[in-house]
1. Kindly write out, for segment 17-24 in residue order, the coupling ³J(HN,Hα) from the Karplus curve 6.51 cos²θ - 1.76 cosθ + 1.60 (θ = phi - 60°), rounded to whole Hz, with x marking Gly and Pro.
2. Just to be sure I understand: with springs between alpha-carbon atoms less than 10 Å apart, which residue in Gln71, Gln14, Gln172 has the highest mean-square fluctuation in the Gaussian network model of the chain?
3. Under the Karplus relation 6.51 cos²θ - 1.76 cosθ + 1.60, θ = phi - 60°, what is the ordered set of whole-Hz ³J(HN,Hα) values for segment 334-345, x standing for Gly and Pro?
4. Treating cross-link reach as a plain straight distance, find the lysines whose alpha-carbon is under 23 Å from the alpha-carbon of Lys255, omitting any fewer than eight places away in the same chain.
5. For segment 280-357, state which trypsin sites (Lys or Arg not before Pro) are in a DSSP loop and have at most 11 other beta carbons lying within 10 Å of their beta carbon.
6. Among bridges DSSP assigns within the chain, what percent are antiparallel (round to 5)?
7. Taking θ = phi - 60°, what integer Hz values does the Karplus form 6.51 cos²θ - 1.76 cosθ + 1.60 yield along segment 155-164, in sequence order, with x for Gly and Pro?
8. How much length is gained if the chain between Lys80 and Trp43 is pulled fully straight, taking 0.36 nm per residue apart and subtracting their Cα-Cα distance, in nm to one decimal?
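The values are calculated or read from the model by the stated rules, or taken from the named source; none is laboratory data. For clarity, every value in this text was computed on a predicted model and none was experimentally measured. Positions of Cβ are backbone-derived with ideal geometry, glycine not excepted, and every protein chain shown enters the neighbour counts. Heads up: the accessible areas ignore ligands, DNA and RNA and are worked out on the full protein's heavy atoms, side chains in. Shrake-Rupley method; radii C 1.70, N 1.55, O 1.52, S 1.80 Å.
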Amino acid sequence: MSSKAKRLSRKIKQLFNDKQISDVLKLSNSTRFGDEFPLIYVWVSDDCNYGYIAIENIATYDRMDRDKFEQKVSGILSGKYKCFAVTSSELTSNDSYMLFHFEDTLTSYKLIINEKEDTLSGYVSKDPHAILLSKDLVWHAEMTPHLSVIARTRAGKSVLCGRYMARLMQLQGWIVEYNSAKFDRYVKEFDGKSDPLEIVERAEYWCEVMLERLNKINDAGQEKYLDLPDLVDIGLFFDEIGNLNAALELDKSLKKRWEVAINKLTATGGAAGLHLIAISQFATKEAFLPSLARVNCSDAVIMLAGAADSADERRFLMAGFADLPKRNYKAGTGVARIITSGKKWETPHFFEAPWFI
């Protein structure tokens, strides 16, 4: 830890005195020799934006009510440290400590873009495979090839995906195609399709491109597309997947073609530089990708507004993270989890989509 982080760590640790441990958290044990108190450690990141509180597990884990205990710990971080809130908790691998991960939830990290004065060129990364999503979140597509975006109508998914990500990808040299079961401006802007049959045909076409790229990589004696500089990244957006699934229910053979194509793209597309951005209003079996494709798109997930508050949808797309506190997220805000974007983002954290003014 930096010297600033160490000072903050000591100050936060001082908040957890005997009164708070015994009376508020009730984590002390009564023995014939008196009360036994757990050891406490606090770690803070060098930038002082996040960290964790480690409380010794002295046979007290069963007392934790997951729905309320994290909020109790957050309540201790009040007053001067009210900017911090506990976002998740877990046991260490040897069950010795309970970790309460906290972060600064009041400081905004969203990108504010003034279209009259700014262009997206200011957000272009030196690494063409890295897509900046917020000031503290970067999607490294070469490591986590596919992204899922779930948001209700008017929750901000089109602004995030079409207005920001797709245009930024083009500026970074990507090939971009935006397909949607509902015809909109981004389908026209990025040469996509909106008819269900044509969307399926485009998915099949990109499967052929994927095979050609894989053959080219093999012929060159390489393992991945990153080793061939002429193979640029390809961003394939598939929006309104729920509407697409509803239309495909009327044609079983076309539905089968879609499932085969999308499963192939998500299974091996990343090795060839094809990145799928799957967008839907709901994270359910009926409204999202088939099971195999869904699994391949679950390592990078963004859920906005009402979708982020749905425990069932988080369970469907981010297994193990259904029990998050209800926050009533507004349009453009929610949670994100991208496992290759640093320790912080290995678990769902508060996310704000870019804001255009």
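1. 7, 4, 4, 5, 5, 7, 8, 8
2. Answer for the Gaussian network model of the chain: Gln14.
3. x, 10, 9, 9, 10, 5, 9, 10, x, 4, 4, 8
4. Lys182, Lys193, Lys264, Lys285
5. In loop regions of segment 280-357 (DSSP not H, G, I, E or B), the sparsely surrounded trypsin sites (Lys or Arg not before Pro) are Lys326.
6. Details: 35 of 55 bridges.
Roughly 65 percent of the DSSP beta bridges within the chain come out antiparallel.
7. So the J values, rounded to whole Hz, are 9, x, 6, 5, 5, 5, 7, x, 6, 10.
8. Extra length available between Lys80 and Trp43 comes to 11.5 nm.
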